[in-house]
Each structure stands twice: as structure tokens, then as C-alpha cells.
């Protein structure tokens, strides 16, 4: 039996590889078995908001639960965008990705607000199936 979560409103600029790596590094143990566009290849991008929806599969329920908890953080959109920049070598090396969920709440990239965040008012949402 597979376990999955549906993650909505992921910034379109964040690659699937960055999402997989973010999940692996932030949870410490959850390996993504498979990831696919949700609900399908033709309807997963929201052009108006610049976001996408994906379904992420895990081998165990505990891995899915860890990822579910990870995506419920208050700054997950900004964290994903920073992770995308760091994983692709375009970020300030001093702004390290936190390695645990407990470090996530205290991760601040500086005093200035993130200027790359879209003013959509939409948050990343996650549903466990």
C-alpha cells in the first residue's frame, strides 16, 4: 500500500527535484518513492497564481506524515524558494537550509523581507491521502 500527500500552491519556479531534496533533507528519513502532477499533467499548473500541485508518494505512512507536517509550516513557500536557490547554487552560502523541522521555525535569511515572494495571499496547502 502506498501513502501520499497532495501539495498545492507550490511556486512554479521551484523544481520537482528541489521539492524532493527539501523533503528528504528536512525530514531526515522520508524518501520520495514517486512524485507526479496532480490531478494530471494538463491541469496541475495554475497560471494565474504561478503555482503547481503535485502528489508525492512515500513507502510508509510515517514518512508521509513527516512530510505532511513539514508542509504545514508558516513559511514553507519561502523556505522552498530559498531551498531552490541554494540547491541550484544561486543563493548566499551563509543562508543554510535547516536540517530539522525544529530548526525550520527559526530560519531567517536576514532582516529584509523576501522580495521574490508573490503577493498572491495563497499559502501552500497539504492533504494526506
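Tabulated data for the structure shown
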item: Length added when fully stretched, residue 12-residue 125, from 0.36 nm per residue minus Cα-Cα; result: 39.2 nm
item: Residues residue 72 and residue 36, FRET efficiency given R0 of 22 Å [Cβ-Cβ distance, rounded to 0.05]; result: 0.55
item: Net lengthening on full extension, residue 43/residue 59 (0.36 nm per residue, minus Cα-Cα); result: 3.2 nm
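None of the figures in this text is laboratory data; all of them are computed from the coordinates on show. Here the structure is a predicted model, which means the values were calculated and not measured. All Cβ positions, glycine included, derive from the backbone under ideal geometry; neighbour counts span all protein chains shown.
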